[in-house]
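First the structure, in the form of structure tokens, and then the observations on it.
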Amino acid sequence: MTEFLNTFTDVDFPGLGIEGIRINNVAFEVGPFTVYWYGIIIAIGLCTCALMAMKQAKRYAFTSDHVIDYVIFCFPAALIGARLYYVFSEWPSYKGDIIRIIRVQDGGLAVIGGVLAAVFVGYIVTRWKKMPINYAFDYLIVYIPLGQAIGRWGNFFNQEAFGTNTTLPWGMISEKTSDYLAYCCPELDPSLPVHPTFLYESISNMFIFGILLLIRKKSKIAFSVTSFYLILYGFARFFIEALRTDSLYIGNTGLRTSQVASVLMVFVGIGLICVSKYKGWKSATYIGRHDVGEHASAEEDLSKSED
């Protein structure tokens with residue numbers, strides 16, 4: 001039997017005249033199992049990215065089987081990496097209760113940790129498949145920001161990953177934002193709207209996705225997609241993170257872990273594209289795409305001559 005739960009929260013965007021958006025972080029229960037909207041949205045993001053990658057694979061001399069292989073290995077790695085990154089950043093609150101580490105339903109996933117883990121495992125899979133590294137990365141990394149853009153809406157249903165007070169018209173307020181500010185941020189006003197930083201990141205990731213699609217299609221430089229993902233996402237995340245009220249910090253340094261990671265991503269991206277251009281490495285996705293196009297044109301010419 002499926003039982004729908006009634007733990008609702010009303011979300012308002014008073015500056016836009018939008019009030020009373022009723023949400024629930026729990027979608028439904030099936031017996032002893034609880035299904036959360038966060039998990040459903042992540043699954044939607046994964047399926048959307050996988051289907052798009054499979055649909056466009058042939059244009060770049062990639063295959064659907066390759067895409068499935070990467071999904072099977074990289075998605076679980078991303079979840080584990082996101083969880084471990086968060087747990088290690090908050091270790092003092094976990095070391096006394098190890099069971100909490102696997103209780104992801106209580107929240108606690110760090111996107112950057114997930115990306116790093118997925119890239120690392122993706123590298124291993126690429127070596128195992130004996131594929132060119134830049135070929136696999138420049139084809140598949142395009143879809144990471146799309147998945148991130150969709151997945152961020154899970155934060156909306158959880159009413160988390162929001163920012164400081166704002167007077168901007170799209171400021172958001174709910175019982176959960178007010179309770180959190182009252183409990184954790186005495187310097188902020190819980191009665192005022194906050195920055196919907198999850199929305200900022202979702203929108204910025206959609207822009208990054210569009211830019212990477214264009215780069216993958218046009219660029220002849222190896223690792224260009226990978227480099228610009230690191231640069232663009234690192235740049236966007238650095239500034240969005242500055243608005244967050246729930247940032248993870250490096251010990252007692254006052255440095256936000258995501259901002260430090262973002263700076264490193266930008267420098268790695270710049271370094272990678274500079275080395276690739278200096279070495280004259282050619283984009284395998286560009287070559288593969290044009291090889292497919294030339295092959296298709298040749299087949300078309302042959303069929304016309306036979307007619």
Out of region 183-219, which residues are more than 19 Å from Ile144 (Cβ to Cβ), surrounded by 13 or more Cβ atoms within 10 Å (Cβ to Cβ) and modelled with pLDDT under 95? Cys185
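For every residue, the table says whether it meets (1) farther than 20 Å from Leu230 by Cβ; (2) at pLDDT below 90; (3) part of a helix (DSSP H, G or I).
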| site | (1), (2), (3) |
| --- | --- |
| Leu79 | yes, no, yes |
| Leu84 | yes, yes, yes |
| Tyr135 | no, yes, yes |
| Asp138 | no, no, yes |
Restricting attention to region 43-77, which residues are part of a helix (DSSP H, G or I), among the β-branched types (Val, Ile, Thr) and more than 16 Å from Ile124 (Cα to Cα)? Ile44, Thr48
Residue pairs meeting the criteria (Cβ under 7 Å; at least 6 apart or on separate chains; first without any contact (Cβ under 8 Å) to a residue 12 or more places away in the chain, in region 83-94; second charged (D, E, K, R) and part of a helix (DSSP H, G or I)): Tyr94/Arg100
Counting residues that are touching a helix residue (DSSP H, G or I) at 6+ places or on another chain (Cβ under 6 Å), which helices (runs of 4 or more DSSP H) fully inside region 146-222 reach at least 3? 153-158, 197-218
Yes or no: region 35-42 includes at least one residue that is more than 17 Å from the chain's Cα centre (by Cα), aliphatic (A, V, I, L, M) and part of a strand (DSSP E or B). yes
Would you please list the contacts, defined by Cβ atoms under 6 Å and residues six or more apart or on different chains, that run from a residue in region 190-206 that is farther than 30 Å from Val225 by Cα to a residue that is part of a helix (DSSP H, G or I)? Pro190/Ser178; Pro190/Leu181; Pro190/Ala182; Val194/Thr177
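The values are calculated or read from the model by the stated rules, or taken from the named source; none is laboratory data. What you see is a predicted model, and the numbers here were worked out from it, not measured in a lab. As a convention, Cβ positions derive from the backbone with ideal geometry for all residues, glycine included, and neighbour counts pool all protein chains shown.
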